[in-house]
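Student: Below is the structure I would like to discuss, written out as structure tokens.
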Number of protein chains: 2
Amino acid sequence: MQDQRLMIPGPTPVPQSVLQAMARPMMNHRSKPFAEILEDCTDGARWMFQTRNDVFILTTSGTGGLEAAAVNVLSPGDRVLALVAGVFGKRWADICQAYGADVERVEWPLGQAYDVERVKEALAKGPYLVLLMTHNETSTTVLNPIAEIAALIRRELPDALILVDSVSGLGTADLPVDALDLDIVVAGSQKAFMLPPGLAYLAVSPRAWEAIGKAKAPRFYFDLVRARDFKAKGQTPWTPAISVFYAMQEALRHLRAEGLTAIFARHERLAMGLRAGVRALGLELLVKDDAIASRAVTGVWPPAGVAANDFRKVMQDRFGIVLANGQGPVQDKIFRIGHLGHVGELDITSCLSALEIALVGLGAKIELGTSVAAAQTEFMRAAAPEPVAAR
Amino acid sequence: MQDQRLMIPGPTPVPQSVLQAMARPMMNHRSKPFAEILEDCTDGARWMFQTRNDVFILTTSGTGGLEAAAVNVLSPGDRVLALVAGVFGKRWADICQAYGADVERVEWPLGQAYDVERVKEALAKGPYLVLLMTHNETSTTVLNPIAEIAALIRRELPDALILVDSVSGLGTADLPVDALDLDIVVAGSQKAFMLPPGLAYLAVSPRAWEAIGKAKAPRFYFDLVRARDFKAKGQTPWTPAISVFYAMQEALRHLRAEGLTAIFARHERLAMGLRAGVRALGLELLVKDDAIASRAVTGVWPPAGVAANDFRKVMQDRFGIVLANGQGPVQDKIFRIGHLGHVGELDITSCLSALEIALVGLGAKIELGTSVAAAQTEFMRAAAPEPVAAR
């Protein structure tokens, strides 16, 4: 019998010590000890966001975080430009539309990333009050070039609010919020934070605060002004998910010990090792270009004659490895392998060795060991010091 | 040294086995095993609500649950009658107002419960689409007579929607949702459910579903139609707080073993024992009438010459007992003792024995042991079989 191994893009595996931290008894959430936990967790989130902006921790899912960002800066009729590269880009646009915003969408074909040309074209039809971007588009396994697009937007529309959904991206790839001058960035606990679901994080810039003062969309639970007023007292406006805060303190201990640069490098190494393995088997990746490949999740087309869902079933039944289905237009057609959060090199080689056995069992003609060797090679290359000449 | 004893009206103490249940590894929330947990927890919540209506479990706080109820049935301009007996009644009215409803408020003085006369008077100025009531008003420690008022509303306005905030009430006092024909009732995990915060529960009647079909208030995260569609697939629309669901399965095992009638009787016995103790010391209760006294939390005026907050500080520093401050107009003037959830008779006698020591230490003239004896007497009376003649 195999333990279950979660390889979906969230919830991600939670370290044992983080799970154990949740067994601590409840406490008064309006007390000095909780204020200290809140401060500690807020500092940690600020470190992950690479920001000196205000950061808020809301008791909700990532989608709730996206809604919080939208309703705090929008008024009905406000013009929003949504850059949509998949399901999650579309979801944020839908949220803004539900609250009466005038939403223009630029959509990219499956597996493609934002490009400067099309954004430039769309910006010319502006101005827009709000720009929506998705850092890591989980559904299409695409990493969007946020730095490049944000710089373009800042040049063309200096006062626009740049909102970034980094729910599944933060911690998997560098996103320096202050250096990129991003206005609201949203993250979630059950991704690279290595926590159970239940908390969403929002980094809010001074420019966003100005907009919040004018925004008329109705809000109460997600009201950031209330969140700010209570934070000044070391509290949250509403009762927070205390156990996930306990877990967060412990997870931050692990994350800080590893360091941001190492965390990004690890996610990059795992993604590239996995991609090398998949390629070595002659399988097709949903995203062909490494530069725009998600560092959190990888989409793969099964070989001809193998149904994606049959393959996922074998992976789960025989090896306990839980993979994700495709989303949107590729539902039931591809499978997605999550590799973010509490994941290491041996999770990738394990997954690839299982994948080989499963595919051969389903009739695919591949050579056993091939993908594992390719991933190992990639890991060793990534870990090796650069040759002196290249320095 | 003393362990901390939480005696606030939420979060409440969580049994050790329930805390441990949260240490279980994460799972895919879009899978058959999670569908089974969701079904089990939904059934358990339905049992607590005494309803066959749809019940939804949202990842949010109690306030989020109140907002979910409001935004799903309201359109801007809809007439709402809010029965306000304290901070939480006011909060729900504020939420409806934030979403553009035309809210009429009937307010009761501090420590008083809803009464038929004033509600009748207010209803005459109707019609109203929505009526808001608070079952247990935590801020003023009042238990409102929901059954009586709901019956009155049904007679006067047969089609009105009756919404009840039972966040801190459910499980502490009988609230048979179907028998009382209530349309949406809201509860929260960190109260009588004996769970950490993070989940809110909504019981939704067929009459409420009709209104939901017409309501135009903007909503996305809290949209109950999405919740219903996903529930049909054994899922929640957004990633749920999985660990609190694990905890909920275990807490329900305890709750079902005790039985609803016994749970209500226990909360009644604890409230009445505590009240007998407080009275025996000559201290004044915030709510004088036992019939409308909260079964979840008790408000007490400190004796002359003792500051409420000094008293709370001694209780915490010397005995580890965490009491709640007053809320609203009685903030810093009274103290509130929570006794809901995972609480028993000896928690009350412990609390009273500490209270006596603390008060004498602060200069109050009371006789040690008096309140403990009064509570013991009340417990023994409540536990004794009724005399044969009375049956």
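Derivation of every value follows stated rules applied to the coordinates shown; laboratory data play no part. Small disclaimer: the values here were computed from a predicted structure and weren't measured. For neighbour counting, all protein chains shown are included, and Cβ atoms are generated from backbone atoms with ideal geometry for every residue, glycine included.
Student: So who's got an amide H within less than 5 Å of the one on A:ALA293, skipping anything under 5 residues away but keeping other chains? H placed 1.01 Å off N, in plane.
Tutor: So A:ALA293 has HN proximity to A:LEU143.
Student: Taking the Cα centre as origin and putting +1 on Lys and Arg beta-carbons and -1 on Asp and Glu beta-carbons, what dipole magnitude results for segment B:17-257, to the nearest 20 debye? Intermediate results must be reported in sequence, preceding the final value.
Tutor: Working: 25 positive and 27 negative charges, 134 e Å.
Roughly 640 debye, rounded to the nearest 20.
Student: Please say if segment B:288-341 is rounded, prolate or oblate, where rounded means a/c under 1.5 for a ≥ b ≥ c the square roots of the C-alpha gyration tensor eigenvalues, and otherwise the choice is prolate for a/b larger than b/c and oblate otherwise? Present the calculation step by step, with values, prior to reporting the outcome.
Tutor: On the way: a/c = 2.03, a/b = 1.31, b/c = 1.55.
Cα axes put segment B:288-341 in the oblate bin.
Student: Out of residues 5 or more away from A:ASP54 or on other chains, whose amide H comes under 5 Å of its own, with H placed 1.01 Å from N in the peptide plane?
Tutor: A:VAL204
Student: Let me ask something additional. One decimal, nm, shortest first: give the distances between the label point of B:PRO33 and those of the same position in the other copies, each label point 7 Å from Cα along Cα→Cβ.
Tutor: Between copies, matching label points for B:PRO33 lie 3.3 nm apart.
Student: Give A:LYS313/B:LYS231; A:LYS32/B:LYS333; A:LYS32/B:LYS313 a once-over and call out the pairs whose C-alpha atoms are over 18 Å from each other.
Tutor: Values: A:LYS313/B:LYS231 23 Å; A:LYS32/B:LYS333 20 Å; A:LYS32/B:LYS313 12 Å.
The pairs that break the limit, which is 18 Å between Cα atoms, are A:LYS313/B:LYS231; A:LYS32/B:LYS333.
Student: For the charge dipole of segment B:17-257, defined by +1 on Lys and Arg C-beta atoms and -1 on Asp and Glu C-beta atoms about the Cα centroid, which residue among B:ALA45, B:ILE149, B:LEU83 has the Cα displaced farthest towards the positive pole?
Tutor: B:ALA45
Student: What is the distance in Å between the Cα centroid of segment B:129-146 and that of segment A:31-97?
Tutor: So the separation of the two Cα centres works out to 33 Å.
Student: Please list, in order along segment A:179-186, the HN-Hα scalar couplings obtained from phi with the Karplus expression 6.51 cos²θ - 1.76 cosθ + 1.60 (θ = phi - 60°), rounded to whole Hz, x for Gly and Pro.
Tutor: 4, 8, 6, 8, 8, 9, 10, 10
Student: What aspartates and glutamates could a cross-link reach from A:LYS216, if we take a straight Cα to Cα line under 13 Å and drop same-chain neighbours fewer than 8 places away?
Tutor: A:ASP78
Student: Something else now. Tell me, what HN-Hα J-couplings in whole Hz come from the Karplus equation 6.51 cos²θ - 1.76 cosθ + 1.60 at θ = phi - 60° for each residue of segment A:282-295, using x for Gly and Pro?
Tutor: Calculated HN-Hα couplings, in order: x, 7, 9, 7, 4, 9, 7, 8, 4, 4, 10, 7, 3, 8 Hz.
Student: Quick one: work out the % antiparallel among DSSP beta bridges in segment A:73-173, nearest 5. Please list the in-between numbers first.
Tutor: Working: 2 of 17 bridges.
Percent antiparallel among DSSP bridges in segment A:73-173 is about 10.
Student: Is the C-alpha gyration tensor of the protein assembly as shown telling us rounded, prolate or oblate? Criteria: a/c under 1.5 is rounded; beyond that, a/b larger than b/c is prolate, otherwise oblate. Write down the numbers at each step before the final one.
Tutor: On the way: a/c = 1.95, a/b = 1.69, b/c = 1.15.
Prolate shape, in that a/c is at least 1.5 and a/b is the bigger ratio.
Student: Here is a further query. What are the distances, in nm and sorted shortest first, from the label point of B:THR377 to the label points of the same position in each other copy, with each label point placed 7 Å from Cα along the Cα-to-Cβ direction?
Tutor: 8.8
Student: Next up: Would you mind getting me the FRET efficiency between B:ALA124 and B:ARG52? Use the beta-carbon distance for r and R0 = 35 Å, nearest 0.05.
Tutor: Details: r = 33 Å, r/R0 = 0.95.
Step by step, r from the Cβ atoms, then E = 0.60.
Student: Compute the acute angle (0 to 90°) between the alpha-carbon long axis of helix B:370-383 and the principal axis of greatest extent of the alpha-carbon atoms of chain B; round to the nearest 10°.
Tutor: The angle comes out near 50 degrees.
Student: Nearest 20 debye, what's the magnitude of the dipole of segment A:282-391 about its Cα centre given +1 on Lys and Arg Cβ and -1 on Asp and Glu Cβ?
Tutor: On the way: 10 positive and 12 negative charges, 28 e Å.
With only Lys, Arg, Asp and Glu charged at Cβ, the dipole is about 140 debye.
Student: If I model a spin label at A:ARG228 and A:ASP43 as a point 7 Å from the Cα along the Cα→Cβ vector, what separation in nanometres do I get?
Tutor: Those two pseudo-labels are separated by 2.3 nm.
Student: Just to confirm the numbers: B:PRO176, label point 7 angstrom along the Cα-Cβ line, distances to the other copies in nm, shortest first?
Tutor: 6.6
Student: Quick check on segment A:16-257: of the DSSP beta bridges with both residues there, what percent are antiparallel, nearest 5%?
Tutor: Values: 13 of 31 bridges.
Beta bridges within segment A:16-257, antiparallel portion: roughly 40 percent.
Student: What share of the DSSP beta bridges in the protein assembly as shown is antiparallel, in percent to the nearest 5?
Tutor: Numbers: 44 of 86 bridges.
Counting DSSP beta bridges with both partners in the protein assembly as shown, the antiparallel share is about 50 percent.
Student: I need to check one value: relative contact order of chain A, counting alpha carbon pairs closer than 8 Å and at least 6 residues apart, in percent. Could you put the intermediate results ahead of the total?
Tutor: Working: 807 pairs, mean separation 89.2, N = 391.
Reported as a whole number, the value is 23 percent.
Student: Which one of B:ALA308, B:ILE366, B:THR349 is farthest out on the positive end of the charge dipole of segment B:301-391, using unit charges on Cβ (Lys, Arg +1; Asp, Glu -1) and the Cα centre as origin?
Tutor: Toward the positive end, the furthest listed residue is B:ALA308.
Student: Working from Cα positions, state the angle (0 to 90°, nearest 10) between the long axis of helix A:242-258 and the longest principal axis of chain A.
Tutor: Compared with the principal axis, the helix lies near 60 degrees.
Student: In degrees from 0 to 90, rounded to the nearest 10, what is the angle of the helix A:146-156 Cα long axis to the longest principal axis of chain A?
Tutor: So the helix axis and the longest Cα principal axis differ by about 40 degrees.
Student: When the helices in the protein assembly as shown are scored as -39500 (n - 2.57) per DSSP H run of 4 or longer and the sum is shared across all residues, what 222 nm value do you end up with, to the nearest 500 deg cm²/dmol?
Tutor: Values: 26 runs with 331 residues, N = 782.
It comes out at -13500 deg cm²/dmol, rounded to the nearest 500.
Student: Okay, next question. When Cβ neighbours within 10 Å are restricted to other protein chains, what is their mean count per residue of peptide A:218-225? List each step's numbers first, then the result.
Tutor: Numbers: counts 11, 5, 14, 13, 5, 1, 0, 0.
Partner Cβ neighbours, averaged per residue: 6.
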